[in-house]
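The values are calculated or read from the model by the stated rules, or taken from the named source; none is laboratory data. All values reported here derive from a predicted model rather than from experimental measurement. Using ideal geometry, Cβ is built from the backbone for each residue, glycine included, and neighbour counts are taken over all protein chains shown.
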């Protein structure tokens, strides 16, 4: 099974799928893509896109790197220059980098989130104010849900329903982030969901991970379940 398909190869596969559709009215475009994926070593198209595409061949996973002391400082409210008219909450948000294209895969994004939460929970005092970088990092960098796009296709999104890692509120085309897609079916979504009635959601308004240490710990456990499901 190939470890990587280039962007050109993916485009070639898509053209092959279109040709299959033109050749037979009995096959849908989705079925044609799955047929192409199977011929190239993957059970369906979403799994091919999840496991055999990357932003860059050989790119290492993006790792979380912060000490407990650095995390403690990140929990402080941002400091503004004298006479600044920028609200602190906005300044805190502006201090957070966009990681949506730093993650090389959905697996990478989940591993990053696990390391982030472990570091956060290592800080003795747990209090997250709105005007802190941690508040916005958690809302933007960490997975809120594996949002279903199809029967066997999902994408990791943050609290703002943007591709995980994205910091802006601008509209995002999920298909433009194939590296954040994860082929999770309904059964596997249940394994890590915060509520049985909300498949794929790692938390909800009643258990926000930035609201308390207890909720943060519970969120970490669900991340670990998601990590296991994705590796299984």
Answer yes or no: is there a residue in the range 193-211 that is assigned to a helix (DSSP H, G or I) and assigned by TED's automatic domain parsing to the domain that holds residue 110. no
Inspect the range 118-139 for any residue being closer than 12 Å to residue 223 by Cβ, surrounded by fewer than 18 Cβ atoms within 10 Å (Cβ to Cβ) and in the same structural domain as residue 175 (by TED's automatic domain parsing) and give the result as yes or no. yes
Enumerate the pairs (first residue in the range 30-45 and over 14 Å from residue 20 (Cβ atoms); second residue anywhere and part of a helix (DSSP H, G or I)) with beta-carbon separation below 7 Å, excluding pairs fewer than 6 apart on the same chain, so at least 6 apart or on different chains. 42/48; 42/51; 44/34; 44/37
Determine whether the range 90-107 contains at least one residue that is within 18 Å of residue 221 (Cα to Cα) and either crowded, with 21+ Cβ neighbours inside 10 Å or assigned by TED's automatic domain parsing to the domain that holds residue 205 (or both). yes
In the set 156, 220, 120, 149, which member is closer than 30 Å to residue 90 by Cβ, in a strand (DSSP E or B) and in contact (Cβ under 8 Å) with a residue 12 or more places away in the chain? 156
Residue 130 being in a loop (DSSP other than H, G, I, E, B) and either out of contact with any helix residue (DSSP H, G or I) (no Cβ under 6 Å at 6 or more places or on another chain) or closer than 21 Å to residue 104 by Cβ (or both): no
Can you tell me which residues in the range 69-108 are within 19 Å of the chain's Cα centre (by Cα) and either within 24 Å of residue 214 (Cβ to Cβ) or part of a loop (DSSP other than H, G, I, E, B) (or both)? 96, 97, 98, 99, 100, 101, 102, 103, 104, 105
In the list 156, 208, 189, 224, which residue meets the criterion of being in contact with a helix residue (DSSP H, G or I) (Cβ under 9 Å, 6 or more places away or on another chain) and crowded, with 22+ Cβ neighbours inside 10 Å? 156
I'd like the full set of residues that are more than 16 Å from the chain's Cα centre (by Cα) and modelled with pLDDT under 95, limited to the range 131-151. 150, 151
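May I ask you to say which residue of 6, 65, 54 is loosely packed, with under 14 Cβ neighbours inside 10 Å and modelled with pLDDT under 85?
Step by step, each of 6, 65, 54 is checked, and only 6 is loosely packed, with under 14 Cβ neighbours inside 10 Å and modelled with pLDDT under 85.
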Can you tell me which residues in the range 194-203 are at pLDDT 95 or above and either surrounded by fewer than 16 Cβ atoms within 10 Å (Cβ to Cβ) or in contact with a helix residue (DSSP H, G or I) (Cβ under 8 Å, 6 or more places away or on another chain) (or both)? 202, 203
